[in-house]
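Notes follow the structure.
Computed from the coordinates by the stated procedures, all read-outs in this text should not be read as laboratory data. As the structure is a prediction and not an experimental result, all values here were calculated from the model. Glycine also receives a Cβ, built like all others from the backbone with ideal geometry; neighbour counts cover every protein chain displayed.
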Protein chains: 2
Amino acid sequence: MRTIQIYDTTLRDGTQGEGVSLSLEDKLLITRRLDEFGIDFIEGGYPLSNPKDAEYFHRVRDLKLNHAKVCAFGMTRRKGIAAKDDPGMQALVNSQAPVCTVVGKTSDFHVTEILRVSLQENLDMIRDSLSFLKSQGREVFYDAEHFFDGFAANPQYALSTIRTAAEAGASVIILCDTNGGTMPDAIAERARQALEVLAPLGAKVGIHCHNDCELAVANSLAAVDAGASQVQGTMNGFGERCGNADLITVIANLCLKKKYAALRQDSLEHLTELSRFVYEVANQHHRNNQPFVGQSAFAHKGGMHVHAIARATSSYEHIDPALVGNERRILVSELSGRSNIAALTAKHKLDDNRGLMDAILQRVCDLEAVGYQFEAAEASFDLLVRKVAGTFQPHFERLKYHVAVSAEGMSGEPVTEATVKVRVGETNLHEVAEGDGPVNALDAALRKALNGTFAGLQEMRLIDYKVRVVNGEAGTAAKIRVIIESTDGHDVWGTIGVSENIIEASWLALVDAIEYKLFKDEM
Amino acid sequence: MRTIQIYDTTLRDGTQGEGVSLSLEDKLLITRRLDEFGIDFIEGGYPLSNPKDAEYFHRVRDLKLNHAKVCAFGMTRRKGIAAKDDPGMQALVNSQAPVCTVVGKTSDFHVTEILRVSLQENLDMIRDSLSFLKSQGREVFYDAEHFFDGFAANPQYALSTIRTAAEAGASVIILCDTNGGTMPDAIAERARQALEVLAPLGAKVGIHCHNDCELAVANSLAAVDAGASQVQGTMNGFGERCGNADLITVIANLCLKKKYAALRQDSLEHLTELSRFVYEVANQHHRNNQPFVGQSAFAHKGGMHVHAIARATSSYEHIDPALVGNERRILVSELSGRSNIAALTAKHKLDDNRGLMDAILQRVCDLEAVGYQFEAAEASFDLLVRKVAGTFQPHFERLKYHVAVSAEGMSGEPVTEATVKVRVGETNLHEVAEGDGPVNALDAALRKALNGTFAGLQEMRLIDYKVRVVNGEAGTAAKIRVIIESTDGHDVWGTIGVSENIIEASWLALVDAIEYKLFKDEM
């Protein structure tokens, strides 16, 4: 059983995708999660291209990753300059990343027409760059850009570029289908020819595909079958144009369908969780019909199929969804719903109360119909269970709130003030606070009112705040879904609020966050 | 050059997709468009399953299609009944569709465990059903359900089912990867073996794939390369679980990459239009990164790529987007260089002013560093260019705004009021309005103030409103990025605002939306 290395470039090539943008904190969060999942290599960025990427390599060292090696991306040195004097090479060295991945030109057309250097100079640029990084003690990977197109046009030159890279010390040569236009049979054939050249030099072959023909996954698998031992791609297929190969699908296919070894034994069961985590951090919509991990990937709608599934789940499922941490869903079936609820309410010990479980299910369905979604808001779900079960006793009652934002002049700073009046027991508390924005001000006023009674709130803080318009078609009058993530240093919990009014939606999520904390502290 | 038949089942298998639902009128609209496009076979529905599908076959005859043959879908007759007495067979006959597509069992497991009939009875059901429909003067296609899984388990029995179908008069036997779990090499191998059995009987082979491993397109192509001459799929890959093979991509690959003949000479240039039409009729979101036809399919963001595209479009495009009726788009972001700016500002005619272009790029980088992102906000970018170039003259000035949201009691509805004071020329305008939320109220008050002076604003409306927290780590004090999409019926444009305060961010995006409209109307 051959072992395949998984190389993730979500943080670099993935951010080339339209609408994808990750802050430094986002990048570090994803890095930690990819490492926990068992990814072998994490390409963190292109340190020369912008200060955020350079800073990433500084900050990532504090994460003390368990398994993954962090890779810095760069290009071969510029023409007519020594590698050691090239700013790109210096940025790679300064990144202190243990692996440097350098991209260079394979296609004679690109060398002479785009880069505008001689064919020999390009070979020199590859050799000098890789030798220099190797001399600095780095492991070096070489991305052969446009390998397949270059090979089609001039096979001899294409092979000479990768031979040069291997001779200069690259341990893996990654064949890139940069434009995403190559068919699987050509990928396999050319990968085999590359391997014939590289294997005697002790270099491995990797594959990097784009999805312009919806073949990035098929092409990655074809290359692996032809002998490649590293696959590059991104989480959920984020990337320029039609995206990169979706590593989520590649990993599942490699392990479950092709029987290669990849990642750790227990990685696969966290695949769905990982995919959804990355969507959330990148604030991208989940793709419901995404293979293996999508919400609909094991959802059955046709009556005939649901009937067959009841006789044998394998009848209309190609794998057991639990293998990838996903779930079967029977659409329009109360029965399957009840088993979900049963699983989710296990800690409340309602298992034998079918009526209560049905009532909870009904409440979840009603709320989801108006835009709620409890996947990222388990604390709100927990409170919902208490409410339906009649065990919810609020710690405080809202009497009123008032938030005002105003700004003067063409570019005057906005000023925000919130007042909150709540009743705790027999006492009315009325407080006012300013904030950076309306939600921040509301949060400040509410805590000012409650902190005196509930000391535990002082250790609690909000760590994330997400807003999504549930029905974008109605313009600014659409429903707004707010999800807040809070922590008290021990736990992290998510709460949700939905309203046509973003302030009210935020208020609802804030109140749930505080109530959950107070219930938690009583247990 | 082999000709491949295209068989569309959007109206039947496509509607099994979660959230996909088509009215009778929708189905007729799509039918007409598929026919105009040149699709060979259109599966209209399953007449036994519901009255809407039965009515479709009645109504579709009035469309007088030019090229496409309409197909009615059904199952083999029930056990222990003559085909002529079977309600499903009767529904097929009554549909008057010229082609009947009948699905039957291939897998011995499904025959004995799900259908619960003997292996011989299943063969009889296939033979009787197809012979009967043939005797009624119909062309008959046979969908071999679970062909690939059935073949893996019991090749002899699987082949006997399709042999029976061919002997009974089916002109095309469609091999179905019903669960979507088969790999391309197995698809090719088993399709070849099926062809060996069927070719001597004069039957053709078709392929019907599902996308559970993200391989539906690759599998369809693999089957065609192995000799299949019909491909079944759906528009945009609609369908149960992860969807069916996306015919949009299959068609483009067959014609442009594999050089098979399919459809008419001029069909391909309408591919993008067709894809978007079906999304609109089905009221589904377009998939921006969809191969060939997506909005991002030929969008370039990286500065190095845009630079290369300016020298030769083929450098980072696998085909000319015009071949499929799509367009190239240049995006602007912190990853871009001067080439992106030059491409985007072409209409402002600044090409020879490098200093100005550098100033624009610098401004873009500065703003992106504080959370702006111009990819989805081309109108704000346009205004930015005017501002840096010194050609921006605002149509109105903000004197002040004030927004207040308040709510009373535990579950009182929030009340929102906004006042806006602006100066237009020498006149101060001061207006107040209520709204569903703060942004809605601000928008209403601002328009109330401006509508009298600028009549064109009355045709303008907001169609989408997106909020994202740029740096989620700082809790509610994080930067908020608001993107607003507006339309006036002719154009659609995006604008952006960023602030720590969501109200201010929304205000900035609103103001840009209005300014852009006013500049546009003056040109």
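Counting neighbouring beta carbons within 10 Å and listing from fewest to most, the residues B:I502, B:I6 come out as B:I6, B:I502. Shielding value for A:21-33 is 3, the average number of Cβ atoms from other chains within 10 Å of each residue's Cβ.
Most simply put, chain B has about 45% antiparallel DSSP beta bridges, counting only bridges with both residues inside it. Using only side-chain charges placed at the Cβ, +1 for Lys and Arg and -1 for Asp and Glu, the dipole size of chain B relative to its Cα centre rounds to 1040 debye. Region B:210-252 and region A:43-91 have Cα centres lying 40 Å from one another. Does region B:107-212 classify as rounded, prolate or oblate by the C-alpha gyration tensor (a ≥ b ≥ c root eigenvalues; a/c under 1.5 gives rounded; else a/b over b/c gives prolate, otherwise oblate)? Here region B:107-212 falls in the oblate category. When both bridge partners sit in region A:155-303, DSSP labels roughly 10% of those beta bridges antiparallel. For chain B, the longest principal axis of the alpha carbon atoms and the long axis of helix B:184-198 meet at an angle near 30°. For the protein assembly as shown, the share of DSSP beta bridges that are antiparallel, to the nearest 5, is 50%. Amide H contacts under 5 Å for B:G17: B:G239, B:E240, restricted to partners 5 or more places along the chain or on a different chain, H placed in the peptide plane at 1.01 Å from N. Please report how far the C-alpha centroid of region A:493-523 lies from that of region B:137-189, rounded to the nearest whole angstrom. About 54 Å separates the Cα centre of region A:493-523 from the one of region B:137-189. Across the identical copies, the 7 Å label point of B:C365, projected outward along Cα→Cβ, sits 5.7 nm from its counterparts, in ascending order. Once you have a ≥ b ≥ c as the square roots of the Cα gyration tensor eigenvalues for region B:269-428, tell me rounded if a/c is under 1.5, and otherwise prolate or oblate according to whether a/b is larger than b/c. Oblate shape, in that a/c is at least 1.5 and b/c is the bigger or equal ratio.
Helix B:502-522 and the long axis of chain B differ in direction by around 90°, with both axes built from C-alpha atoms. A point 7 Å from Cα along Cα→Cβ stands in for A:K64, and the other copies hold the same point at 8.0 nm, listed in rising order.
In chain B, the DSSP-assigned H stretches of four residues or longer account for a calculated mean residue ellipticity at 222 nm of -11000 deg cm²/dmol, using -39500 (n - 2.57) per stretch and the full residue count as denominator. By the count of other C-beta atoms within 10 Å, a proxy for reagent exposure, B:F37, A:F141 are ordered fewest to most as B:F37, A:F141. Counting neighbouring Cβ atoms within 10 Å and putting the fewest first, the residues B:V439, B:V99 line up as B:V99, B:V439. When the Cα gyration tensor is reduced to axis lengths a ≥ b ≥ c, the ratio a/c is 1.5 or higher for region B:396-453, and with a/b above b/c it is classed as prolate. Between copies, A:K400 shows label-point distances of 2.2 nm, shortest first, with the point placed 7 angstrom from Cα along Cα to C-beta.
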